[in-house]
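As structure tokens, the structure follows; a few thoughts come after it.
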There are 2 protein chains.
Amino acid sequence: MAQNIKDFSRLCIHTVTTKPWNLGLAASRYAAAGVSGITVWRQALDGYALNEARRIINNSGLRAVSLCRGGFFPAVNRKEREKAIEDNLDAIDAAAAIGAPLVILVCGSSPYQSLETSRGQILEGIIRILPYAEQCGIRMAIEPLHPMYADSRSAINTLKQANDMCDKIDSDYVGVAIDVYHLWWDDELEREIRRSGKNNKIFAFHVSDWLSPTQDMLNDRGLMGDGCIPIRRIRGWVEAAGFDGFHEVEIFSTKHWNRNQDEFLQDILKAYWENV
Amino acid sequence: MAQNIKDFSRLCIHTVTTKPWNLGLAASRYAAAGVSGITVWRQALDGYALNEARRIINNSGLRAVSLCRGGFFPAVNRKEREKAIEDNLDAIDAAAAIGAPLVILVCGSSPYQSLETSRGQILEGIIRILPYAEQCGIRMAIEPLHPMYADSRSAINTLKQANDMCDKIDSDYVGVAIDVYHLWWDDELEREIRRSGKNNKIFAFHVSDWLSPTQDMLNDRGLMGDGCIPIRRIRGWVEAAGFDGFHEVEIFSTKHWNRNQDEFLQDILKAYWENV
């Protein structure tokens, strides 16, 4: 089991976690609370020039950990797939512009074609954007999503599949994002984390909790400790596999978004020490 | 790919699919429509003496395919686990009483303990009730449930896990129920179906569809063809693995429950030929 955490030097928060705050507010509040990193969702960049966003992050003292999110490669229609490529190149540009070294890929899926076809299009898409990512010095992390999103958000639903895809792509610029919310149920998780680690592929580690019961498939994630995910145990596996990066808090929660976000942030800090 | 179906000789409907109908109504309507089998949910037995239920089914001419459901073995508390054992013995009694040769096991899970602990309790529970099931001549099918139910309804979430558990138990009376809704996303499904078949473990095959988007984690299943599951392809795998039993329609859907059930039944018949 991993040791208790006693500081915030590896704590990163995703802007979507405190969705009511704009980028400026999120950056200043996170920094004031002692948080060390920020992962920027693209919606949080709306209304900001990219150099302005970079300045806000730099001035806050936070590390820009990653940009969320690229991906969504699969589509029945070729033109839509081309649009997705464009959008991913934009994501790489945005990451470079704000100083984030990593783009998280929510790979996408389509209910109108087979999962195999979608996986082929994901592979194709990543290979298409890879030269540009390398040129910009931006790494990309394939994030396997929970199987309940297999119809629409990701045809990559286990860490094994993400590792397999990394093997096929075989680039130092492509790794995986391990999110406990998506993967906690999988009895092959520990083994696949070891495999990711051995290949130096663990690019990101995301935490939140699975509430029981869960009321909504998208926006009812829990604060760490409020659900049933053995978060610390999984952190232990990730760290045993050599990961020493940020612990990123990524909570989509209508309930928490409707709260006072300063109070919510204090709860995150407490939950981070107690349950991550 | 499996051949088109041209009759209803292997069509079975779960009473929960037409939840507004009581057992008598369901049996008579299914039979009148040409359906061949009925899987009886225990709620459908409420208000009936078991011998009365048996008579209703016999008189309808339907085959009693299975009883849904036993299981729910895991609990933190020992007394609750003992209650679950009792309940499973009751389920075996009920199956025998109504003439159903099979009990479907929704194995259960608990958010208050690890999945490994829950899986251990499931194994223990099945082994506990197995002698009685054998004595009554009732088989039991472990039904792996979608990973979105791992916190509460089943710690068995892939066909691989169900097959592994069958290997451990090693009884002719314990096999698996393959439900496309729970398993369609898994890229190891075809391989594991072959494995189930080789061991003569495919005891049941359930169909419905995954709607995209899905509005509710429990009660928003689709009619076959209304979602994204490659049902016929999976039926092909199941039949190639030697299964020649019923195709059981199991749809939990608030939307369809709110419709005229006779019209819904007609839609099921149509969807069965077109999309199973």
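Read-outs throughout are calculated quantities, based only on the coordinates presented, and are distinct from any laboratory measurement. Predicted model only: the values in this text are computed from it and were never measured. Using ideal geometry, Cβ is built from the backbone for each residue, glycine included, and neighbour counts are taken over all protein chains shown.
Values for this structure:
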{"read-out": "Residues of region B:238-265 satisfying the condition of being within 14 Å of B:Ser196 (Cα to Cα) and buried (at least 20 other Cβ atoms within 10 Å of the Cβ)", "value": "B:Val238, B:Ala241, B:Phe243"}
{"read-out": "Unmet requirement for A:Arg191, which otherwise passes all of (1) in contact (Cβ under 8 Å) with a residue 12 or more places away in the chain; (2) more than 12 Å from chain B (Cβ to nearest Cβ)", "value": "(1)"}
{"read-out": "Residue count, region B:228-259 (criterion: free of Cβ contacts under 8 Å to residues at least 60 places away in the same chain, aliphatic (A, V, I, L, M) and more than 10 Å from chain A (Cβ to nearest Cβ))", "value": "4"}
{"read-out": "Odd one out for A:Ala95 among (1) assigned to a helix (DSSP H, G or I); (2) in contact with a Gly (Cβ under 9 Å, 6 or more places away or on another chain); (3) surrounded by fewer than 22 Cβ atoms within 10 Å (Cβ to Cβ)", "value": "(3)"}
{"read-out": "Scan of region A:181-226 for residues that are part of a loop (DSSP other than H, G, I, E, B) and farther than 23 Å from A:Ile251 by Cβ, ordered by number", "value": "A:Asp187, A:Glu188, A:Asn199, A:Asn200, A:Lys201"}
{"read-out": "Region B:39-51 - residue that is over 21 Å from the mean Cα position of the chain (by Cα) and exposed (fewer than 14 other Cβ atoms within 10 Å of the Cβ) and, of those, farthest from B:Pro20 (Cα to Cα)", "value": "B:Asn51"}
{"read-out": "Flag if B:Gln121 is among the polar types (S, T, N, Q), in contact (Cβ under 8 Å) with a residue 24 or more places away in the chain and within 14 Å of chain A (Cβ to nearest Cβ)", "value": "no"}
{"read-out": "Candidate set: region B:133-170, residues that are among the polar types (S, T, N, Q) and part of a helix (DSSP H, G or I); chosen: the one nearest to the other protein chains (Cβ to nearest Cβ)", "value": "B:Gln161"}
{"read-out": "Test: A:Arg55 is surrounded by 13 or more Cβ atoms within 10 Å (Cβ to Cβ), of a type in the set (Lys, Arg) and in contact (Cβ under 8 Å) with a residue 40 or more places away in the chain", "value": "no"}
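Rundown of residues vs (1) more than 11 Å from chain B (Cβ to nearest Cβ); (2) closer than 23 Å to A:Gly125 by Cα, yes/no style:
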| site | (1), (2) |
| --- | --- |
| A:Ala177 | yes, yes |
| A:His182 | no, yes |
| A:Trp185 | no, no |
| A:Lys198 | yes, no |
| A:Ile202 | yes, yes |
| A:Leu211 | no, no |
| A:Asn219 | yes, no |
| A:Asp226 | no, no |
